[in-house]
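The values are calculated or read from the model by the stated rules, or taken from the named source; none is laboratory data. Given the structure is predicted, the values throughout are model-derived calculations rather than measurements. Cβ placement follows ideal geometry from the backbone for every residue including glycine, while neighbour counts extend to all protein chains displayed.
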Amino acid sequence: MRVLLVEDDREVADYVGRGLEEEGNNVTICFDGSAGLRAAQSSPFDIVVLDVMLPFMDGFEITRRLRAEDNQTPILLLTGRDAARDVVKGLDAGADDYLTKPFSFEVLLARLRARTRVSQPEAHSKLRYADLSINLETHEAWRAKAPLHLTRTEFAILESLMRAAGRVVTRQRLIETVWGSGREVGDNNLDVFIRFLRVKIDDPHRSRLIHTVRGIGYCLRDEK
């Protein structure tokens, strides 16, 4: 899963972030409400794990703004405030679930799995562009009906490009989406994986789909 974790307690953020990554997830961490809202608005995530008490903007307000923008990404609120009125306030704002601190990491994982299962119906498990298609559940990919054997990182990059097909995805957004904002990943790392993708996706075909936008990033575009 691609998880956005918004938590101002850096010790908690590190603990939860490392645990989620060890389970095979891609985690982006923000430490204040404003940064968390911008991340949720600018990149696709499977779920948002959101602390309530945050600097600049609290979790309730972030939830309300995302729902007002018709962003339906599942939101799990984390907080030490367990009064009934706070639970109701969070759910009324549009949150999908509510977990109070301190919490068991296993319970958190179970809640995340439950919420992402509900949010990913069969109709949304596949993405298609031109003659390229991917299955988000099985991590399979094809071009012109020929299977593509992609690594986890290659698949994540391709998914990000397909979700924004026809639009430019900046280098920074690709790095944050695939590796997370807390990782020290440079442009060279991204360029290597893009080359790998091009060999597998574009080289056997006459029409190229992956295009470089110099100084900015990459774009999936069909130029027949």
One residue is enough: does region 121-130 have a residue meeting the conditions touching a residue at least 60 places away in the same chain (Cβ under 8 Å), under 30 Å from Leu190 (Cα atoms) and surrounded by fewer than 13 Cβ atoms within 10 Å (Cβ to Cβ)?
no
Which numbered condition trips up Met57, out of (1) at pLDDT 85 or above; (2) crowded, with 17+ Cβ neighbours inside 10 Å?
(2)
At pLDDT below 85 and closer than 13 Å to Leu132 by Cβ, is that true of Ala146?
no
Given the conditions (1) touching a Ser or Thr at 6+ places or on another chain (Cβ under 6 Å); (2) part of a strand (DSSP E or B), and given that Phe45 satisfies all but one, which numbered condition is not satisfied?
(2)
Exactly one of (1) surrounded by fewer than 17 Cβ atoms within 10 Å (Cβ to Cβ); (2) touching a helix residue (DSSP H, G or I) at 6+ places or on another chain (Cβ under 6 Å) is unmet by Arg206. Its number?
(2)
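Every residue, every condition in (1) closer than 19 Å to Leu108 by Cβ; (2) in a strand (DSSP E or B); (3) aliphatic (A, V, I, L, M), yes or no:
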{"site": "Asp14", "(1), (2), (3)": "yes, no, no"}
{"site": "Ala39", "(1), (2), (3)": "no, no, yes"}
{"site": "Val49", "(1), (2), (3)": "yes, yes, yes"}
{"site": "Thr73", "(1), (2), (3)": "yes, no, no"}
{"site": "Arg85", "(1), (2), (3)": "no, no, no"}
{"site": "Val88", "(1), (2), (3)": "no, no, yes"}
Only one of Leu99, Leu50, Leu108 is under 29 Å from His139 (Cβ atoms), outside the structural domain of Ser160 (by TED's automatic domain parsing), touching a residue at least 60 places away in the same chain (Cβ under 8 Å) and not polar (S, T, N, Q). Can you tell me which?
Leu108
Residue check, Leu197 at pLDDT 90 or above, within 22 Å of the chain's Cα centre (by Cα) and under 30 Å from Gly17 (Cβ atoms):
yes
How do the pairs read when you match residues in region 11-35 that are closer than 14 Å to Val52 by Cα with residues anywhere that are basic (Lys, Arg) and in a helix (DSSP H, G or I), using Cβ under 7 Å and keeping only pairs 6 or more apart or on different chains?
Phe31/Arg10
Output the residues belonging to region 143-171 that are crowded, with 19+ Cβ neighbours inside 10 Å and of a type in the set (Ser, Thr, Tyr).
Ser160
Please verify whether region 85-104 includes one or more residues that are under 30 Å from Arg208 (Cα atoms), touching a helix residue (DSSP H, G or I) at 6+ places or on another chain (Cβ under 9 Å) and modelled with pLDDT of 85 or more.
no
Please go through region 69-96 and pick out each residue that is within 18 Å of the chain's Cα centre (by Cα) and not hydroxyl-bearing (Ser, Thr, Tyr).
Glu69, Asp70, Asn71, Gln72, Pro74, Ile75, Leu76, Leu77, Ala95, Asp96
State yes or no: is Leu66 part of a strand (DSSP E or B), closer than 15 Å to Ala95 by Cβ and either in the same structural domain as Pro102 (by TED's automatic domain parsing) or small (Gly, Ala, Ser) (or both)?
no
Taking the residues in region 78-93 that are buried (at least 17 other Cβ atoms within 10 Å of the Cβ) and out of contact with any Asp or Glu (no Cβ under 7 Å at 6 or more places or on another chain) as candidates, determine which candidate is farthest from Glu159 (Cα to Cα).
Asp86
